[in-house]
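The values are calculated or read from the model by the stated rules, or taken from the named source; none is laboratory data. For clarity, every value in this text was computed on a predicted model and none was experimentally measured. Note that each Cβ is placed from the backbone with ideal geometry, even for glycine, and that neighbours are counted across all protein chains shown.
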2 protein chains.
Amino acid sequence: MASAAPMPTAPPAWDTVAIVGVGLIGGSVGRALLERGLAKQVVGIGHRATSLRAAKKVGAVTSTTTDLARGVARANLVVICTPVEQIAAQALVALNHAPAGALITDAGSTKQQIVAAVEKKLPPGGRFVGSHPMAGSEKSGPGEARADLFVGRAVIVTPTKKSPAADTEAVGEFWAALGARVFMMSPEAHDRAVAGTSHLPHLISALLAAVTRSEDAPLIAGGWLDTTRVAGGDPELWRQILQSNDQQVLAALAQFEKQLTSARRALERGDGARLAKLLAQGKAVRDALGN
Amino acid sequence: MASAAPMPTAPPAWDTVAIVGVGLIGGSVGRALLERGLAKQVVGIGHRATSLRAAKKVGAVTSTTTDLARGVARANLVVICTPVEQIAAQALVALNHAPAGALITDAGSTKQQIVAAVEKKLPPGGRFVGSHPMAGSEKSGPGEARADLFVGRAVIVTPTKKSPAADTEAVGEFWAALGARVFMMSPEAHDRAVAGTSHLPHLISALLAAVTRSEDAPLIAGGWLDTTRVAGGDPELWRQILQSNDQQVLAALAQFEKQLTSARRALERGDGARLAKLLAQGKAVRDALGN
């Protein structure tokens, strides 16, 4: 998002930002905005009074409301950080109640269904571009919010052919101002990629944990703890993510099952060369992409 | 391993300990013994002169040799820390060349095949009880060795009906003296348990990494890094571990594949309730057994 032309380097600033959903992600957006002096007012919008109070207490928002339409009424920027099944409908309410020219984005882990649903009913002049900050965790709630959550993290901004370049750029600048590394790709490319890098690993991790016998607890060591860590995430949030990206997750799963069958047959047949090759493939990718 | 009777609390001490294989585990055993003053001499035994030199340089051994029979000739205790396929044969050489009364144990990740092979040819008066320190890592080599590697870690000691109680206890005291929490179970129970807590997770982690596309690297975040961390381990070491525990790994894999099929069908049919239940099962086990 860096500009090549010499220009004032002041970060973008907003008078009023509305955050819908003040959990780990929404709360961290609010704290980052306020602690970096990027917004004068941050309105926290949510269903539960306890979460809203907690968000205010940790300095994530300056005011709160349970009324979405009223909460966005003065917002220049609206960031929707709720579970994926709620995002499209809330984005449309925000688009219809925020001031003219307000920019709307979201933080959902899947993009194709959300972006298509919003663009289908986009009001004239409405500005919406989807986002996905890769900063989730098995932790949740405003109590886990951190102002530096996005620093150095990838945020994927997902414009379509209908997205004005200025809107896409403005959304990218917002995340960059929170310290993120911003990438642009289509909602389809995003969903295909995260099916392999996030959704499939989550599903597999949960299934691995589920088949572990509690009497084997003394034999649990670092490998199991690492491999199953994300299984501690909220099952309902992840049910929504997996179902809203079901076709891409099924495609990634088919690839995985093919490898799994190959590994099982190698074990059954005592084919050590084949087994070693499969393990070496995994190590090569891990060494290349991990750190 | 604590005794209820009042007795001198000095830790067990050995005049000479021989360590066969001076990688992460063997090197850490040596460093722990020497830094805790538990052994006067530690003989490092290995194939490669470079590893032996490195082990001596980091303070893991006091002398080195590539000759197993000569290396154990004065040892009161021999700890075999080589890849699992080499352990039984080396244990038998050690049993036949160490002084009368020397205690032999190992650090192999599987126990049934190794213990059976050693007991089958145990010389009269030979003292062997298998062990498995749950302290492996995707790192390897004597350069990674740490004196505190075993502190607080579980070590499983696997006696059989043939093991004299005094030998089992002495092996347990050895690991306890390095700071480990010692558990006792049969080789069969051990192998069944680690198939689920270690071997299956390793295999799955490697397969998950293998199906990740390199062009998706920007979308890799903490979940993928955790879930695939152990895939960075040595493929040949893990090929040996998986094959030497193939029946138990296949049994654990069958359980996993059953869950996987259930999850795939839930996704295919849009059965959100079933999917949520599977994810909740995983979270329940992770929350109960993890930390």
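Points to keep in mind about this one:
- Subset of the range A:63-75 (residues that are in contact (Cβ under 8 Å) with a residue 40 or more places away in the chain and either surrounded by fewer than 18 Cβ atoms within 10 Å (Cβ to Cβ) or under 14 Å from the mean Cα position of the chain (by Cα) (or both)): A:Arg74
- Among the residues of the range A:9-29, none qualifies, meaning not one is more than 21 Å from the chain's Cα centre (by Cα), modelled with pLDDT of 95 or more and part of a helix (DSSP H, G or I).
- Residue within the range B:116-129 that is within 14 Å of chain A (Cβ to nearest Cβ) and either part of a strand (DSSP E or B) or surrounded by 19 or more Cβ atoms within 10 Å (Cβ to Cβ) (or both) present: no
- Criterion violated by A:Arg265 - all others in (1) touching a strand residue (DSSP E or B) at 6+ places or on another chain (Cβ under 7 Å); (2) more than 7 Å from every other protein chain (Cβ to nearest Cβ) satisfied: (1)
- Residues that are within 7 Å of another protein chain (Cβ to nearest Cβ) and assigned to a helix (DSSP H, G or I) within the range B:209-221 comprise B:Ala209, B:Ala210, B:Ser214, B:Asp216, B:Ala217, B:Pro218, B:Leu219, listed in sequence order.
- Among the residues of the range A:183-199, just one is more than 7 Å from chain B (Cβ to nearest Cβ), over 13 Å from the mean Cα position of the chain (by Cα) and either part of a strand (DSSP E or B) or surrounded by 24 or more Cβ atoms within 10 Å (Cβ to Cβ) (or both), namely A:Met184.
- Checking the stated criteria, A:Ala49 turns out to be over 22 Å from the mean Cα position of the chain (by Cα) and either buried (at least 20 other Cβ atoms within 10 Å of the Cβ) or in the same structural domain as A:Glu119 (by TED's automatic domain parsing) (or both).
- Hits in the range A:222-250 - residues which are within 10 Å of B:Arg286 (Cα to Cα) and either part of a helix (DSSP H, G or I) or of a type in the set (A, V, I, L, M, F, W, C) (or both): A:Trp224, A:Leu225, A:Arg229, A:Val230, A:Ala231, A:Gly232
- Of the set (1) of a type in the set (D, E, K, R); (2) buried (at least 19 other Cβ atoms within 10 Å of the Cβ); (3) over 14 Å from the mean Cα position of the chain (by Cα), all apply to B:Lys111 but (3).
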